[in-house]
Amino acid sequence: MPLMGSLYVGASGLQTSQNALNTTSHNLSNLDTVGYVRQQVLLGDRTYSTVGNSSISSQQVGLGVNYEKVRQVRDFFLDQTYREEKGRAAFYETSYDVINEIETLFGEMEGVAFQTSLSDLWTAVQELQKDPSSTVVQGQLVSKAATFIERANSVYSGLSSYQSTLNDEVKDIVGTINKYGNQISALNEQIRKLEIGSEEANDLRDQRNQLLDELSGYANISYDEDQEGVVSVKIEGSTFIARDRVYEMGTVMDPGTGFYTPVWPQNSDTPVFDLTKEISSDLDSDIGKLKALVLARGDHAANYSDMDDKDTYERDIQPSLIMNIQAEFDNLIHGVVTTMNNVLCGETNPDATLPTYDSAEDCPHELFVRLGTERYKEVTDPTDPDYGKYRYVAEDTSGSPSNVSSMYTSNNLKINPDLLKQASLLSFVNADGTVDKEKANALEQAFDNTFDTLNPTLEAHLNFKDYYSALIGQVANEGSVYKNIAQTQAKTVISVDDAREAVMGVSSDEELTNMIKFQNAYNASSRYINVISDMLETLLNLK
């Protein structure tokens, strides 16, 4: 090969070594950059020049080296595993946070436990049973009942308010998902344009991969990349990012509850999540913070009437952490309130013969009253046999939504204001002037009698005190389960991320070694050029 050609060999060495040093420096400067992936230089041979042939092989001379490509060092399967496990970790972490908030609302660890108000009410009933005619004891019962209702309203309102908070978060996360989708789509276009022109877009790919990592925490995603470097993304099996556009996720608000449901507008507002599907890691149905929030929130504020039908309860109520607790808690409140009212005012079982009264003044005073409905109402239908009398107004739990104003439910209760003024209106004195010990005994016995099962899927009937203990035990057990799963899942995510970092992370020791290697290669190319230059100069001087 001519000496002038040898100069090109040296020049290629200088060029490739310099570019390799630039890449190494770029790696080192991004040592602590989140989402940055180590870049690796690939060098290749230039075309060989054939100077002759022999019986054994072609006689060729190399023309130097090419700076072929700077590639990202990633593992597709580790990326996929990391994103799946991150989404699963987000699902259980979110569920644990919800249970933790529910525990806080009951105040069992905050010194304002609801159990205290229930125990105080029970104590007041016991004191009344000892001396039913005492106005002091009667006043104490009314006072403890007022505290009981105040705490019940506080707990139930807290649960409903937390539902609203989760609802707002659902809408915000949908907006965040759409924002990430548009950013990924924009990066797709930039990467495609650069790489069509044979330019590497590794830093843009890092940004896109970081967005995919973030997106995987919110929903169950799947993705693939085409030959032009464009990534398509699906969420829950539906197209989210296509080659040329983003199919944004939308929300539909229920006008009755104000709750948002994530939907796909391009598919006629089909819900994003199939909530009838069993939650299971085997089915990959336990992935993503958004799904966890939608499940935990439920679709309405539940009450005791949601416990009536076992099949409906298992399908619609039990999967929701908040709705399940709302229904079970409200069932307790409804049981305490109606049982005490029934003892004080007479049986209100619809199957029983209900008492009627000639005037409003004759109607007994119930302890707990509904905000939207009077206990007794005058019969105004002339064809009714009780026309002109006052008859008990039964609860209406029919229809959807139920007529809450007629129900003895947590957010529709208060203490009878007449009893707050004059507790003796409870009337534990018979018409003949004797003390009504039977009523007092019945009130005391009501707290010891079995009341109901914790929910329709269980068989053990409990009294009021045991029911609440079982309710809190259930919350604690669920919290423990979700905490353990969340912690285990977090460890899995860390483990996979460590394996991923071992592949794509920047090692300062390795990069410094590469820097020394490429510096030596640069120096060697420089010395090679100097030797060739000296040889040319010597030859020219000889001529």
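I need to check one value: relative contact order of the chain, counting alpha carbon pairs closer than 8 Å and at least 6 residues apart, in percent. Result for the chain is 21 percent.
Inter-label distance, Asp311 to Ser405: 3.3 nm, where each label sits 7 Å from its Cα along the C-beta direction.
Within the same chain, lysines fewer than 8 places from Lys439 are excluded, and of the rest, those with a Cα less than 20 Å from its Cα are Lys130, Lys144.
First select every other residue whose beta carbon is under 12 angstrom from the beta carbon of Ser143; then total the charges, Lys and Arg +1, Asp and Glu -1.
Details: positive: Lys144; negative: Asp120, Glu127, Glu150.
Surrounding charge for Ser143 is -2.
For Lys277, a cut-off of 20 angstrom between C-alpha atoms picks up these lysines, skipping any fewer than 8 places away in its own chain: Lys234, Lys289, Lys291, Lys310. For the chain, the Cβ-based charge dipole about the Cα centre amounts to some 2520 debye (Lys, Arg positive; Asp, Glu negative; other atoms uncharged). In the stretch 289-419, taking the dipole from charged Cβ atoms about the Cα centre, the farthest positive-side position among Tyr304, Leu413, Asn324 is held by Asn324.
Ignoring aspartates and glutamates fewer than eight residues from Lys389 along the same chain, the ones with Cα atoms less than 13 angstrom from its Cα are Asp358, Glu361, Asp362, Glu378, Asp381. Model label points for Glu537 and Gln474, set 7 angstrom from Cα along the Cα-to-Cβ axis, are 9.3 nm apart.
Rounded to the nearest 500, the 222 nm mean residue ellipticity of the chain from helices alone is -18000 deg cm²/dmol, with -39,500 (n - 2.57) taken per DSSP H run of at least 4 residues. Each label point was placed 7 Å from the Cα along the Cα-to-Cβ direction; for Tyr387 and Lys193 their separation is 8.5 nm. For Phe77, the solvent-accessible surface computed with a 1.4 Å probe is close to 150 Å², ligands and nucleic acids excluded.
For the stretch 275-310 versus the stretch 221-241, the spacing of their alpha-carbon centroids is 27 Å. Ligands, DNA and RNA aside, Glu278 has an accessible area near 120 Å² when probed at 1.4 Å.
From the alpha carbon centroid of the stretch 445-518 to that of the stretch 127-194 is 21 Å. Against the main long axis of the alpha-carbon atoms of the chain, helix 321-345 sits at an angle near 10°.
If you keep only loop residues by DSSP, which chymotrypsin sites (Phe, Trp or Tyr not before Pro) in the stretch 353-440 have at most 12 other Cβ atoms within 10 Å of their Cβ?
On the way: sites: Tyr357, Phe368, Tyr376, Tyr387, Tyr390, Tyr392, Tyr408, Phe428; in loops: Tyr387, Tyr408, Phe428.
The qualifying sites are Tyr387.
Checking every one of the trypsin sites (Lys or Arg not before Pro) in the stretch 233-316 against DSSP loop status and a limit of 16 other Cβ atoms within 10 Å picks out Arg243, Arg245, Lys277. Axis of helix 3-29 versus longest Cα principal axis of the chain: the two differ by about 20°, to the nearest ten degrees.
The values are calculated or read from the model by the stated rules, or taken from the named source; none is laboratory data. All of these numbers come straight from a predicted model, not from anything done at the bench. Cβ coordinates were reconstructed from backbone atoms using ideal geometry, including for glycine residues, and neighbour counts include every protein chain displayed. Surface areas here come from the heavy atoms of the whole protein model, side chains and all, with no ligands, DNA or RNA. Shrake-Rupley method; radii C 1.70, N 1.55, O 1.52, S 1.80 Å.
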